[in-house]
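The values are calculated or read from the model by the stated rules, or taken from the named source; none is laboratory data. Given the structure is predicted, the values throughout are model-derived calculations rather than measurements. We place every Cβ from the backbone using ideal geometry, glycine too, and count neighbours over all the protein chains shown. Each accessible area value is taken on the protein alone, full model and side chains, heavy atoms only, with ligands, DNA and RNA left out. Shrake-Rupley method; radii C 1.70, N 1.55, O 1.52, S 1.80 Å.
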Amino acid sequence: MPAGRLRSALTLATAATGVGAGALALVGSSNAARTARHAGSGQIVFVRVAAGPTLSSALWLANPLGGSPRRLTVARPKYGQLQPRWSPDGRRIAYARLHFQSAKSDPDLGELRLVTLGSSASRRLDRAPSRQVDLSPTWSPDGRRIAFVRVNLKCVDTVNACAFSETWLVNTDGSGRRRLAATDIGGAAWSPDGSRVAVVAPPRPPFLWGQLELVEAGSGGVQELPAAVGGSGADWSPDGSSLAYSQPDGRIAVIRLDGSIPAVLTSPPVRVGDLSATWSPDGRRLAFRRVGGASEELYVVNADEGRRGGSPSVRGLAKSWRGHPTGRGLLSQRGGKSRLSTL
């Protein structure tokens with residue numbers, strides 16, 4: 001693959017998984033494994049991009065209540081360190097490291113790494129085969145396994161049947177790596193008890209969108225949710241009975257695991273989409289991003305009624321229910337500044 005096409009494919013892969021310019025990694029699910037602010041440590045981990053002729057980035061830590069950020073990992077030229085995810089105990093961070101260069105560097109395109117707080121040294125968790133990248137690490141609730149998405153860039157320039165992305169599992173010591181299912185590129189969501197992983201299946205012709213599926217982490221058994229079409233950005237309710245997700249038309253919906261008709265909670269304006277729905281700890285409300293053009297706002301909706309609540313004027317590029325001890329606050333960030341808003 002020519003270098004230009006390889007870079008385009010890699011840009012597609014990273015943007016679709018929430019690491020491209022203007023994208024947002026979820027910050028503040030009811031599952032601590034998916035947060036970029038950990039309730040126990042009280043810190044935020046974020047990506048700082050280094051200016052210069054070559055792209056590079058490193059992970060930094062900050063206290064939302066003030067103080068100077070401190071560097072966690074070392075930036076390397078032409079390497080991007082992206083998608084940081086806290087372990088449930090708040091002691092470790094999993095992240096993706098990508099090598100942005102030419103096609104000659106295919107073997108070094110991407111790997112998953114772990115770093116422990118108090119140390120800038122990281123260790124490799126998984127390394128993708130040639131012309132593949134591993135992205136979107138997601139911790140199991142017990143902190144023993146990580147689900148991730150493996151993107152196969154060989155599929156970009158082939159007319160043959162090819163699994164463009166798959167969800168894999170690996171133990172945090174690097175053992176037990178195995179393929180879970182062929183899935184959409186958007187990533188996986190662990191159930192609160194760690195027994196299942198919610199994914200979006202690849203679309204089946206003639207349909208343009210896949211559907212939500214629940215895959216047993218142990219056996220690989222699949223429960224289809226055909227009514228949940230699209231299903232991007234799925235998030236489990238705290239009691240594990242429902243999933244919130246974004247439909248292809250940009251509306252937030254909630255579906256119960258019995259496969260009943262989804263309840264649609266939002267109706268964004270034309271050319272605007274509602275994304276990244278996140279449950280409050282009590283399961284009564286959902287926070288989400290409303291994105292349209294260059295604008296982005298945070299909204300809150302009641303999960304049982306579908307009426308917008310809170311303050312639609314709360315803005316930012318990140319959010320966290322865990323920013324407030326009662327679960328009634330949102331932590332937003334823009335321009336390197338944090339803001340805690342009470343709902």
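Among the residues making up the range 213-255, a single one is open to solvent by 10 Å² or more (accessible area, probe 1.4 Å), modelled with pLDDT under 90 and touching a Leu at 6+ places or on another chain (Cβ under 7 Å): Gly233. Before we move on, is Asp126 out of contact with any Gly (no Cβ under 6 Å at 6 or more places or on another chain), open to solvent by 30 Å² or more (accessible area, probe 1.4 Å), at pLDDT below 90 and acidic (Asp, Glu)? Criteria not met by Asp126.
Across the range 42-79, what is the total count of residues that are over 25 Å from Asp173 (Cβ atoms), not aliphatic (A, V, I, L, M) and not in a loop (DSSP other than H, G, I, E, B)?
The initial filter retains those residues of the range 42-79 that are over 25 Å from Asp173 (Cβ atoms), namely 42, 44, 46-57, 60, 62-71, 75, 77-78.
If we keep only those that are not aliphatic (A, V, I, L, M) as well, we get 42, 46, 48, 52-54, 56-57, 60, 63-64, 66-71, 77-78.
With not in a loop (DSSP other than H, G, I, E, B) added as a condition, the list becomes 46, 48, 56-57, 60, 70-71.
Total satisfying the criteria: 7.
Selection within the range 173-199: residues that are at pLDDT 95 or above and part of a loop (DSSP other than H, G, I, E, B). The member of this set that is surrounded by the fewest Cβ atoms within 10 Å (Cβ to Cβ) is Asp193.
Identify all residues within the range 256-290 that are β-branched (Val, Ile, Thr), open to solvent by less than 40 Å² (accessible area, probe 1.4 Å) and out of contact with any helix residue (DSSP H, G or I) (no Cβ under 7 Å at 6 or more places or on another chain); write none if there are none. Scanning the range 256-290 gives Thr266, Val272. Just give me the residues in the range 172-211 being touching a residue at least 12 places away in the same chain (Cβ under 8 Å) and among the hydroxyl-bearing types (Ser, Thr, Tyr), in sequence order. Thr172, Thr183, Ser191, Ser195 - these are the residues of the range 172-211 that are touching a residue at least 12 places away in the same chain (Cβ under 8 Å) and among the hydroxyl-bearing types (Ser, Thr, Tyr).
Got a number for residues in the range 53-91 being open to solvent by 60 Å² or more (accessible area, probe 1.4 Å) and at pLDDT 75 or above? Break it down stepwise before answering.
Filtering the range 53-91 for residues open to solvent by 60 Å² or more (accessible area, probe 1.4 Å) gives 53, 55, 63, 65, 67-68, 70-71, 74, 76-78, 89, 91.
Right, trim to at pLDDT 75 or above and you get 55, 63, 65, 67-68, 70-71, 74, 76-78, 89, 91.
Here the count works out to 13.
In the condition set (1) in contact with a strand residue (DSSP E or B) (Cβ under 8 Å, 6 or more places away or on another chain); (2) at pLDDT below 90, Ser140 is compliant with all but (2). Scanning the range 228-286 for residues that are in contact with a Lys or Arg (Cβ under 7 Å, 6 or more places away or on another chain), in a loop (DSSP other than H, G, I, E, B) and small (Gly, Ala, Ser) returns Ser241, Ser267.
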